[in-house]
């Protein structure tokens with residue numbers, strides 16, 4: 001992971017320099033939808049009420065009043081884009097192993113509901129939920145008039161080109177935004193088609209730790225751990241000062257603990273929409289909606305809907 005991120009950043013610098021030499025004209029794009037809209041909250045489906053990254057989850061989220069759904073995109077062995085949060089199938093399905101080691105036809109028996117247990121206020125009764133393809137989800141979103149946030153975890157150039165193709169085929173320019181932790185992904189997407197809205201996602205200690213609680217180091221080597229921490233400090237500084245401009249992104253998706261009035265003021269002054277993730281606590285939702293007036297990603301849309309009703313009632 002450490003080497004992957006370093007290579008990503010180095011590649012961007014080289015590509016950006018080449019682009020500057022060959023083409024200094026930037027395309028003006030209309031970003032009204034995400035820069036000036038009044039979206040209240042975004043969703044990762046409704047994963048507490050239905051299996052994550054499935055159509056059942058998005059159906060449930062739609063019932064709970066979604067503005068936009070966020071989903072994770074990965075590749076199968078035969079390069080079919082599907083929805084899956086992890087690199088492997090172990091945590092959420094009845095199968096084991098890396099997603100990219102299976103052809104799509106082999107995933108027909110993959111049950112995304114195999115390990116699901118409802119923790120929300122709705123009962124999920126289905127015993128089988130198939131793996132969802134990206135194209136199926138796009139068609140569902142258009143049919144249900146729901147905006148989309150592509151969370152891209154695969155750095156394959158093929159995926160970037162496919163996303164650009166799907167944006168053109170389905171005319172998604174005012175319906176979706178592409179985001180990633182990996183700067184090369186959003187940079188390549190914007191370079192492939194400047195009209196696609198992009199966002200950089202970040203959190204503290206992403207290079208060093210595999211989890212947001214900072215308990216699982218990505219490497220057992222003390223030397224690599226130390227180098228990773230240095231890279232993390234540099235990366236955070238870069239994100240806060242100049243990386244969003246450098247990548248040409250339209251949105252900065254920020255881990256909830258990094259959100260503050262000062263941070264928001266800084267990003268807003270530079271022309272970026274800020275979205276917080278992942279906000280599941282009622283008081284925090286109210287603070288971000290009432291005081292900061294920013295959108296947020298949540299796993300609990302049914303809680304968010306109640307919070308926002310109260311916030312809107314206060315305005316009236």
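See the values below:
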| item | result |
| --- | --- |
| Count - residues of the stretch 258-269 that are in contact (Cβ under 8 Å) with a residue 24 or more places away in the chain and closer than 20 Å to residue 180 by Cβ | 2 |
| Count of residues meeting criterion [touching a helix residue (DSSP H, G or I) at 6+ places or on another chain (Cβ under 9 Å), surrounded by fewer than 20 Cβ atoms within 10 Å (Cβ to Cβ) and on the phi < 0 side of the Ramachandran plot] in the stretch 244-257 | 2 |
| Unique match (being closer than 19 Å to residue 50 by Cα and free of Cβ contacts under 8 Å to residues at least 24 places away in the same chain) among 316, 280, 312 | 280 |
| Count of the stretch 289-304 residues which are more than 19 Å from the chain's Cα centre (by Cα), surrounded by 13 or more Cβ atoms within 10 Å (Cβ to Cβ) and either free of Cβ contacts under 8 Å to residues at least 24 places away in the same chain or within 23 Å of residue 251 (Cα to Cα) (or both) | 4 |
| The stretch 225-240: number of residues that are in contact with a strand residue (DSSP E or B) (Cβ under 9 Å, 6 or more places away or on another chain) and over 23 Å from residue 297 (Cα atoms) | 3 |
| Some residue of the stretch 186-197 being surrounded by fewer than 23 Cβ atoms within 10 Å (Cβ to Cβ), within 19 Å of the chain's Cα centre (by Cα) and under 18 Å from residue 277 (Cα atoms) | no |
| Any hit, the stretch 254-268, residues being modelled with pLDDT of 95 or more, assigned to a strand (DSSP E or B) and under 16 Å from the mean Cα position of the chain (by Cα) | yes |
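The values are calculated or read from the model by the stated rules, or taken from the named source; none is laboratory data. Keep in mind that what you see is a predicted model, and the values were worked out from it rather than measured. FYI the Cβ positions are ideal-geometry reconstructions off the backbone, even for glycines, and counts take in every protein chain you see.
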